[in-house]
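Structure first, commentary second.
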Protein chains: 2
Amino acid sequence: MTASTSPRPVRSDRVRNRAALLDAARGVLRRDPDASVDAIAAAAGLTRRALYGHFPSREALVGELVTEGARRVAAAAAASRDDDPVVDIALVGRLVWDDVEAIRAMTLSVVRGPLRETLMGDPLAPLHARLVDDVARAAAAGAAREDLPAETVARMIEGAAFTALDESVRTPLTREEGRRLVILAGLGALGLSWRQAGAVLEAHADRLVRDGAR
Amino acid sequence: MTASTSPRPVRSDRVRNRAALLDAARGVLRRDPDASVDAIAAAAGLTRRALYGHFPSREALVGELVTEGARRVAAAAAASRDDDPVVDIALVGRLVWDDVEAIRAMTLSVVRGPLRETLMGDPLAPLHARLVDDVARAAAAGAAREDLPAETVARMIEGAAFTALDESVRTPLTREEGRRLVILAGLGALGLSWRQAGAVLEAHADRLVRDGAR
DNA sequence: CCGAAGTTGCACACTGTTGTGCAACTTGTT
DNA sequence: AACAAGTTGCACAACAGTGTGCAACTTCGG
């Protein structure tokens with residue numbers, strides 16, 4: 001049964017336009033999380049009406065964005081690890097940066113709203129847990145701050161990362177600069193001095209800021 | 001001419017209710033910057049219709065909140081200074097914390113929207129400038145990070161402060177705890193290690209975290 | 001080139017919100 | 001008690017956004 005090759009398989013338009021819509025949504029929602037469907041469709045070079053040919057509702061579109069982004073981040077997170085908790089935190093910083101737009105879009109538009117549980121609940125929770133664990137281990141090893149609970153420190157690191165992402169919207173940064181900023185900000189929140197953070201960065205520059213390393 | 005004592009001076013209701021509305025707006029808008037006028041009025045124990053007896057429009061209400069908050073912060077900022085840039089940054093952190101709700105409400109609801117210039121333009125710009133100056137001086141003195149431009153560092157500090165404010169919404173903190181968190185986060189972004197930051201905090205605990213010092 | 005998939009442009013109903021008008025009521029002040 | 005200020009509850013218009021229906025058009029693919 002060659003059911004896969006139906007009379008009309010899939011039109012190339014559809015795929016391209018759908019991708020364009022998701023791209024446009026990422027870009028538009030990053031600046032205005034409450035942007036209208038119309039604005040998104042226009043940014044994709046389509047009509048509002050056409051958008052509804054791809055997604056049944058605004059919520060479905062955003063949901064797609066969110067779960068897709070979460071999947072990418074989760075996959076990347078699972079792929080790269082390090083035994084040294086400090087390096088591991090830096091590593092998380094890098095992979096977060098590499099999915100800036102996905103993350104940004106999802107946090108801003110989903111933080112409040114019915115989709116929140118969908119996102120923060122499943123796909124990102126393990127990442128947060130990993131961060132908390134890293135912080136606790138680093139503190140136990142004397143490599144991180146001990147003056148605040150690990151939970152709080154983890155959230156400060158996450159906040160620092162978001163601030164770095166915001167900064168990237170303001171002043172355009174290269175991929176390397178962005179990665180550096182996110183990592184330095186995170187390690188600063190962890191309690192390292194800027195020289196210590198810089199040392200970590202240089203010591204693992206190949207994995208933390210250079211491209212190509214799969 | 002005793003024009004001040006007109007036949008009907010001012011009714012005590014009016015003043016109290018107006019204050020209640022502003023308070024309610026602060027509280028409600030902190031959680032949902034897009035909260036409706038109805039929600040605000042209800043939180044104040046009044047009707048939507050009554051609110052319009054105090055403020056001509058939603059924008060006027062928010063504007064009042066914003067300018068009032070900005071004035072308070074600006075006044076507090078002008079009142080407390082320190083020659084040591086590091087201590088000065090910590091000082092800014094403290095005063096920001098003490099006006100959490102005002103700041104929070106204004107940033108969230110005004111960051112995007114027509115009032116943005118009103119706020120970020122005038123009253124808060126000097127605070128940002130002061131921060132940038134502090135960062136530059138601290139870096140020149142070898143007391144702060146030199147790996148990032150002062151502008152960027154200043155924004156990272158501001159971001160760290162906001163993250164700390166967010167954390168306070170999640171887990172209730174006492175006034176002192178909140179002040180400590182904001183200051184530690186800011187100094188971390190500045191490039192200090194957590195022990196250095198803690199040392200600064202302890203050395204100036206009287207002005208940075210204790211109450212009562214006018 | 002022909003047919004179907006996809007898009008456009010319009011119209012429409014529905015919802016939530018803002019802001020106003022007005023009569024009836026309650027509350028503060030003298 | 002009496003008057004006015006303030007509030008309520010309702011009705012209303014205006015606006016922006018979402019989601020749908022449908023006919024005409026354009027584009028893709030065999």
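Quick notes
- Residue match in the stretch B:158-170 (condition: aliphatic (A, V, I, L, M), within 11 Å of another protein chain (Cβ to nearest Cβ), in contact (Cβ under 8 Å) with a residue 60 or more places away in the chain and part of a loop (DSSP other than H, G, I, E, B)): no
- Among the residues of the stretch A:68-86, the ones that are crowded, with 21+ Cβ neighbours inside 10 Å and under 21 Å from residue A:203 (Cα atoms) come to 2 in all.
- Options A:21, A:65; residue that is under 22 Å from residue A:169 (Cβ atoms) and modelled with pLDDT of 95 or more: A:21
- Subset of the stretch A:171-182 that is more than 21 Å from residue A:195 (Cα to Cα) and more than 8 Å from chain B (Cβ to nearest Cβ) - its residue that is surrounded by the most Cβ atoms within 10 Å (Cβ to Cβ): A:173
- Those residues of the stretch A:36-52 which are more than 6 Å from DNA strand D (Cβ to nearest atom) and either without any contact (Cβ under 8 Å) to a residue 24 or more places away in the chain or outside any helix (DSSP H, G or I) (or both), in sequence order: A:39, A:40, A:41, A:42, A:43, A:44, A:45, A:46, A:47, A:48
- Here is the figure for the stretch A:32-54: residues that are within 14 Å of chain B (Cβ to nearest Cβ) and within 12 Å of DNA strand C (Cβ to nearest atom) total 1.
- The sole residue among A:154, A:189, A:199 that is within 14 Å of chain B (Cβ to nearest Cβ) and within 22 Å of residue A:69 (Cα to Cα) is A:154.
- Candidates B:66, B:87, B:10, filtered to the one that is away from every other protein chain (no Cβ under 14 Å), within 30 Å of residue B:139 (Cβ to Cβ) and either of a type in the set (Val, Ile, Thr) or within 15 Å of DNA strand D (Cβ to nearest atom) (or both): B:87
- Hits in the stretch B:55-70 - residues which are within 13 Å of DNA strand C (Cβ to nearest atom) and in contact (Cβ under 8 Å) with a residue 40 or more places away in the chain: B:59, B:61, B:62, B:63, B:64
- Screening residue A:147 with (1) acidic (Asp, Glu); (2) within 13 Å of chain B (Cβ to nearest Cβ); (3) assigned to a helix (DSSP H, G or I) gives one miss only, at (3).
The values are calculated or read from the model by the stated rules, or taken from the named source; none is laboratory data. All values derive from a computational prediction rather than experimental measurement. In this analysis, Cβ positions are derived from the backbone assuming ideal geometry, glycine residues included, and neighbour counts consider all displayed protein chains.
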